[in-house]
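Structure record follows, encoded as C-alpha coordinates.
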Amino acid sequence: MNQESTRPLIMGILNVTPDSFSDGGSFFEPKDAIAQASKMLDEGADWIDVGGESTRPGSTAISAEEELNRVLPILKAFAKNLKHFSIDTQKPEVARAALDLGVGMVNDVSGFTDAKMIAVVGEFKPHVCVMHMKGTPKTMQSDPFYVDVVDEVKNFLNDQASKLRSAGLLHSQIWLDPGIGFGKTLEQNLELLRNLDQFTMGENPILIGVSRKSFIQKAMNSELAPDERLPGTLAVQTVAQLRGAKMLRVHDVKEAIQAAVIAELVS
(Lines give C-alpha, C1' and ligand atoms only; values in the text may rest on other atoms or scores of the structure.)
Protein backbone atom coordinates (compact mmCIF):
# COMPACT_ATOMS: atom_id res chain seq x y z
CA MET A 1 0.00 0.00 0.00
CA ASN A 2 1.22 3.50 -0.86
CA GLN A 3 2.41 5.15 2.36
CA GLU A 4 0.63 8.39 1.40
CA SER A 5 -2.70 6.68 0.74
CA THR A 6 -5.45 6.95 3.30
CA ARG A 7 -7.71 4.31 1.76
CA PRO A 8 -8.66 1.43 4.04
CA LEU A 9 -6.39 -1.56 4.23
CA ILE A 10 -7.71 -4.53 2.27
CA MET A 11 -7.81 -7.96 3.92
CA GLY A 12 -8.29 -10.85 1.52
CA ILE A 13 -10.40 -13.75 2.77
CA LEU A 14 -8.94 -17.25 2.41
CA ASN A 15 -11.31 -19.96 3.63
CA VAL A 16 -9.50 -23.30 3.82
CA THR A 17 -12.78 -25.09 4.47
CA PRO A 18 -15.23 -27.35 2.62
CA ASP A 19 -18.31 -25.48 3.83
CA SER A 20 -17.87 -21.69 4.06
CA PHE A 21 -20.91 -19.82 2.76
CA SER A 22 -19.30 -18.22 -0.29
CA ASP A 23 -16.26 -20.18 -1.44
CA GLY A 24 -16.37 -23.33 0.70
CA GLY A 25 -14.37 -26.06 -1.00
CA SER A 26 -12.81 -23.79 -3.62
CA PHE A 27 -9.52 -23.51 -1.72
CA PHE A 28 -9.70 -26.57 0.51
CA GLU A 29 -6.68 -28.19 -1.16
CA PRO A 30 -3.42 -26.57 -0.02
CA LYS A 31 -2.17 -25.95 -3.57
CA ASP A 32 -5.39 -24.08 -4.43
CA ALA A 33 -5.27 -22.06 -1.21
CA ILE A 34 -1.62 -21.13 -1.76
CA ALA A 35 -2.39 -20.04 -5.32
CA GLN A 36 -5.33 -17.92 -4.14
CA ALA A 37 -3.27 -16.25 -1.41
CA SER A 38 -0.56 -15.43 -3.96
CA LYS A 39 -3.18 -14.02 -6.34
CA MET A 40 -4.66 -11.76 -3.67
CA LEU A 41 -1.21 -10.51 -2.66
CA ASP A 42 -0.39 -9.81 -6.31
CA GLU A 43 -3.66 -7.85 -6.59
CA GLY A 44 -2.57 -5.65 -3.70
CA ALA A 45 -4.05 -7.18 -0.55
CA ASP A 46 -2.53 -5.70 2.60
CA TRP A 47 -3.50 -8.72 4.70
CA ILE A 48 -4.56 -12.32 4.05
CA ASP A 49 -6.97 -13.80 6.61
CA VAL A 50 -6.65 -17.60 6.72
CA GLY A 51 -9.48 -19.56 8.33
CA GLY A 52 -9.80 -23.32 8.72
CA GLU A 53 -13.22 -23.45 10.38
CA SER A 54 -16.43 -22.24 8.77
CA THR A 55 -18.40 -19.67 10.77
CA ARG A 56 -21.35 -19.43 8.38
CA PRO A 57 -24.77 -19.46 10.06
CA GLY A 58 -25.61 -22.97 11.27
CA SER A 59 -22.05 -24.30 10.99
CA THR A 60 -20.64 -26.79 13.49
CA ALA A 61 -17.29 -26.42 15.25
CA ILE A 62 -14.36 -28.68 14.39
CA SER A 63 -11.43 -29.83 16.52
CA ALA A 64 -8.27 -27.80 16.92
CA GLU A 65 -6.32 -30.65 15.34
CA GLU A 66 -8.44 -30.59 12.20
CA GLU A 67 -8.27 -26.80 12.01
CA LEU A 68 -4.48 -26.87 12.32
CA ASN A 69 -4.22 -29.54 9.62
CA ARG A 70 -6.06 -27.20 7.29
CA VAL A 71 -4.24 -23.93 7.94
CA LEU A 72 -0.63 -24.86 8.75
CA PRO A 73 0.38 -25.95 5.22
CA ILE A 74 -0.74 -22.57 3.87
CA LEU A 75 0.98 -20.56 6.60
CA LYS A 76 4.20 -22.53 6.21
CA ALA A 77 4.18 -21.85 2.46
CA PHE A 78 4.40 -18.11 3.22
CA ALA A 79 6.87 -18.38 6.09
CA LYS A 80 8.86 -15.34 4.93
CA ASN A 81 5.80 -13.10 4.63
CA LEU A 82 3.58 -14.04 7.55
CA LYS A 83 3.58 -10.60 9.16
CA HIS A 84 0.95 -9.78 6.53
CA PHE A 85 -1.18 -12.83 7.40
CA SER A 86 -3.99 -13.16 9.92
CA ILE A 87 -5.29 -16.37 11.49
CA ASP A 88 -9.08 -16.50 11.73
CA THR A 89 -9.72 -18.72 14.75
CA GLN A 90 -11.55 -18.96 18.06
CA LYS A 91 -9.10 -21.52 19.49
CA PRO A 92 -6.10 -20.46 21.62
CA GLU A 93 -4.04 -23.46 20.52
CA VAL A 94 -4.57 -22.64 16.84
CA ALA A 95 -3.72 -18.99 17.46
CA ARG A 96 -0.53 -19.97 19.31
CA ALA A 97 0.63 -22.29 16.53
CA ALA A 98 0.07 -19.57 13.92
CA LEU A 99 1.80 -16.93 16.04
CA ASP A 100 4.75 -19.25 16.58
CA LEU A 101 5.14 -19.29 12.78
CA GLY A 102 5.02 -15.48 12.64
CA VAL A 103 1.50 -14.39 11.65
CA GLY A 104 0.80 -10.74 12.37
CA MET A 105 -2.83 -10.84 13.47
CA VAL A 106 -5.39 -13.00 15.26
CA ASN A 107 -8.99 -12.54 14.10
CA ASP A 108 -11.37 -14.00 16.70
CA VAL A 109 -15.06 -13.99 15.75
CA SER A 110 -15.97 -14.78 19.36
CA GLY A 111 -14.41 -11.49 20.39
CA PHE A 112 -11.67 -12.78 22.73
CA THR A 113 -14.21 -13.97 25.28
CA ASP A 114 -11.86 -16.85 26.14
CA ALA A 115 -9.32 -15.71 28.73
CA LYS A 116 -6.83 -18.22 27.31
CA MET A 117 -6.97 -16.43 23.95
CA ILE A 118 -6.26 -13.10 25.64
CA ALA A 119 -3.30 -14.69 27.39
CA VAL A 120 -1.91 -15.98 24.08
CA VAL A 121 -2.08 -12.62 22.30
CA GLY A 122 -0.82 -10.89 25.45
CA GLU A 123 2.29 -13.04 25.15
CA PHE A 124 2.94 -12.43 21.44
CA LYS A 125 1.52 -8.87 21.07
CA PRO A 126 0.18 -9.19 17.48
CA HIS A 127 -2.57 -7.15 15.91
CA VAL A 128 -5.97 -8.54 16.87
CA CYS A 129 -9.47 -8.22 15.49
CA VAL A 130 -12.25 -8.31 18.09
CA MET A 131 -15.57 -9.18 16.49
CA HIS A 132 -19.04 -9.10 18.02
CA MET A 133 -21.17 -12.22 17.62
CA LYS A 134 -24.41 -13.00 19.42
CA GLY A 135 -24.38 -16.71 20.30
CA THR A 136 -22.34 -19.14 18.21
CA PRO A 137 -22.24 -19.71 14.45
CA LYS A 138 -24.64 -22.62 14.95
CA THR A 139 -27.21 -20.51 16.85
CA MET A 140 -26.51 -16.88 16.00
CA GLN A 141 -29.30 -16.39 13.46
CA SER A 142 -32.03 -17.91 15.65
CA ASP A 143 -34.11 -14.78 16.22
CA PRO A 144 -31.36 -12.44 17.54
CA PHE A 145 -32.74 -9.75 19.87
CA TYR A 146 -31.26 -6.47 21.10
CA VAL A 147 -32.76 -3.59 23.06
CA ASP A 148 -30.31 -1.24 21.28
CA VAL A 149 -28.03 -3.05 18.84
CA VAL A 150 -25.61 -0.13 18.41
CA ASP A 151 -25.07 0.43 22.13
CA GLU A 152 -24.84 -3.28 22.95
CA VAL A 153 -22.31 -4.01 20.23
CA LYS A 154 -20.28 -0.89 21.01
CA ASN A 155 -20.18 -1.68 24.73
CA PHE A 156 -19.07 -5.26 24.09
CA LEU A 157 -16.27 -4.21 21.76
CA ASN A 158 -15.05 -1.49 24.13
CA ASP A 159 -15.07 -3.90 27.08
CA GLN A 160 -13.05 -6.49 25.17
CA ALA A 161 -10.62 -3.87 23.91
CA SER A 162 -10.04 -2.79 27.51
CA LYS A 163 -9.17 -6.37 28.49
CA LEU A 164 -6.71 -6.61 25.60
CA ARG A 165 -5.07 -3.33 26.57
CA SER A 166 -4.67 -4.71 30.07
CA ALA A 167 -2.85 -7.64 28.46
CA GLY A 168 -0.36 -5.22 26.93
CA LEU A 169 -1.73 -4.49 23.46
CA LEU A 170 -1.83 -0.96 22.07
CA HIS A 171 -4.94 0.82 20.81
CA SER A 172 -3.52 0.69 17.28
CA GLN A 173 -3.17 -3.11 17.47
CA ILE A 174 -6.78 -3.71 18.50
CA TRP A 175 -9.16 -3.70 15.54
CA LEU A 176 -12.88 -3.69 16.30
CA ASP A 177 -15.46 -5.38 14.06
CA PRO A 178 -19.21 -4.97 14.76
CA GLY A 179 -19.83 -8.39 13.23
CA ILE A 180 -22.21 -7.69 10.36
CA GLY A 181 -24.26 -10.86 9.78
CA PHE A 182 -23.18 -12.55 13.00
CA GLY A 183 -26.31 -12.77 15.10
CA LYS A 184 -28.11 -9.83 13.48
CA THR A 185 -31.24 -9.36 11.39
CA LEU A 186 -31.23 -7.31 8.20
CA GLU A 187 -32.44 -4.21 10.04
CA GLN A 188 -29.90 -4.68 12.84
CA ASN A 189 -27.10 -4.93 10.27
CA LEU A 190 -28.31 -1.77 8.58
CA GLU A 191 -28.60 0.05 11.90
CA LEU A 192 -24.98 -0.77 12.72
CA LEU A 193 -23.81 0.41 9.31
CA ARG A 194 -25.86 3.62 9.51
CA ASN A 195 -24.25 4.38 12.88
CA LEU A 196 -20.72 3.27 12.06
CA ASP A 197 -19.38 6.71 12.96
CA GLN A 198 -20.18 5.90 16.60
CA PHE A 199 -17.54 3.14 16.38
CA THR A 200 -14.94 4.98 14.29
CA MET A 201 -14.70 7.97 16.63
CA GLY A 202 -12.80 5.93 19.24
CA GLU A 203 -9.08 5.19 19.53
CA ASN A 204 -9.28 1.68 18.08
CA PRO A 205 -9.38 1.23 14.28
CA ILE A 206 -12.48 -0.37 12.78
CA LEU A 207 -12.52 -3.41 10.49
CA ILE A 208 -15.65 -4.19 8.48
CA GLY A 209 -16.54 -7.53 6.88
CA VAL A 210 -19.60 -7.40 4.62
CA SER A 211 -18.30 -9.24 1.57
CA ARG A 212 -21.01 -11.25 -0.25
CA LYS A 213 -23.08 -11.62 2.95
CA SER A 214 -26.71 -12.68 2.84
CA PHE A 215 -28.06 -9.38 4.16
CA ILE A 216 -27.35 -7.98 0.67
CA GLN A 217 -29.78 -10.36 -1.00
CA LYS A 218 -32.30 -9.80 1.81
CA ALA A 219 -32.07 -6.06 1.25
CA MET A 220 -32.72 -6.65 -2.46
CA ASN A 221 -35.56 -9.08 -1.69
CA SER A 222 -34.06 -11.34 -4.34
CA GLU A 223 -32.27 -14.67 -4.44
CA LEU A 224 -28.65 -13.85 -5.21
CA ALA A 225 -25.82 -16.35 -5.08
CA PRO A 226 -22.82 -15.14 -3.05
CA ASP A 227 -20.81 -14.33 -6.18
CA GLU A 228 -23.72 -12.19 -7.45
CA ARG A 229 -23.50 -9.85 -4.46
CA LEU A 230 -20.38 -7.92 -5.51
CA PRO A 231 -22.16 -4.66 -6.45
CA GLY A 232 -23.93 -4.54 -3.09
CA THR A 233 -20.70 -5.46 -1.33
CA LEU A 234 -18.79 -2.61 -2.95
CA ALA A 235 -21.57 -0.15 -2.10
CA VAL A 236 -21.52 -1.08 1.58
CA GLN A 237 -17.72 -1.11 1.72
CA THR A 238 -17.64 2.39 0.25
CA VAL A 239 -20.15 3.67 2.81
CA ALA A 240 -18.08 2.07 5.58
CA GLN A 241 -14.92 3.67 4.22
CA LEU A 242 -16.53 7.11 4.12
CA ARG A 243 -17.69 6.62 7.72
CA GLY A 244 -14.19 5.86 8.92
CA ALA A 245 -13.51 2.12 8.55
CA LYS A 246 -9.76 1.50 8.29
CA MET A 247 -9.80 -2.08 7.01
CA LEU A 248 -12.16 -4.01 4.71
CA ARG A 249 -12.29 -7.80 4.78
CA VAL A 250 -13.10 -8.93 1.22
CA HIS A 251 -13.32 -11.84 -1.19
CA ASP A 252 -12.71 -9.66 -4.26
CA VAL A 253 -9.42 -7.86 -3.67
CA LYS A 254 -8.88 -6.17 -7.03
CA GLU A 255 -12.42 -4.79 -7.17
CA ALA A 256 -12.35 -3.64 -3.54
CA ILE A 257 -9.08 -1.74 -4.04
CA GLN A 258 -10.40 0.00 -7.15
CA ALA A 259 -13.55 1.11 -5.31
CA ALA A 260 -11.56 2.22 -2.26
CA VAL A 261 -9.07 4.27 -4.30
CA ILE A 262 -11.83 6.07 -6.21
CA ALA A 263 -13.83 6.68 -3.01
CA GLU A 264 -10.72 8.19 -1.44
CA LEU A 265 -10.13 10.49 -4.41
CA VAL A 266 -13.65 11.91 -4.43
CA SER A 267 -14.24 12.07 -0.68
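The values are calculated or read from the model by the stated rules, or taken from the named source; none is laboratory data. Worth saying up front: this structure is predicted, and the values here are computed from it rather than measured. Please note: Cβ atoms are built from the backbone with ideal geometry, for glycine as well, and neighbour counts cover all protein chains shown.
Among L207, L169, L192, which is of a type outside the set (D, E), assigned to a helix (DSSP H, G or I) and either under 16 Å from the mean Cα position of the chain (by Cα) or on the phi < 0 side of the Ramachandran plot (or both)?
L192
So how many residues does segment 213-230 have that are under 13 Å from L190 (Cβ atoms) and in a loop (DSSP other than H, G, I, E, B)?
Result for segment 213-230: 1.
Hey, can you tell me all the residues within segment 11-31 that are at pLDDT 90 or above and buried (at least 24 other Cβ atoms within 10 Å of the Cβ)?
Hits for segment 11-31 are M11, G12, I13, L14, N15, V16.
Among the residues of segment 60-100 satisfying the criterion of being within 17 Å of N15 (Cβ to Cβ) and among the basic types (K, R), which is nearest to the chain's Cα centre (by Cα)?
Filtering segment 60-100 for residues that are within 17 Å of N15 (Cβ to Cβ) and among the basic types (K, R), the one nearest to the chain's Cα centre (by Cα) comes out as K91.
Looking at P231 and the list (1) farther than 21 Å from D49 by Cβ; (2) surrounded by 17 or more Cβ atoms within 10 Å (Cβ to Cβ), which single condition is not satisfied?
(2)
Of the numbered conditions (1) in contact with a Phe, Trp or Tyr (Cβ under 9 Å, 6 or more places away or on another chain); (2) more than 29 Å from A115 (Cα to Cα); (3) not small (G, A, S), N195 fails exactly one; give the number of that condition.
Tallying (1) in contact with a Phe, Trp or Tyr (Cβ under 9 Å, 6 or more places away or on another chain); (2) more than 29 Å from A115 (Cα to Cα); (3) not small (G, A, S), N195 fails exactly one: (1).
Can you tell me which residue within segment 117-159, out of those that are of a type in the set (V, I, T) and in a loop (DSSP other than H, G, I, E, B), is nearest to G104 (Cα to Cα)?
Only one residue tops the list, namely T136.
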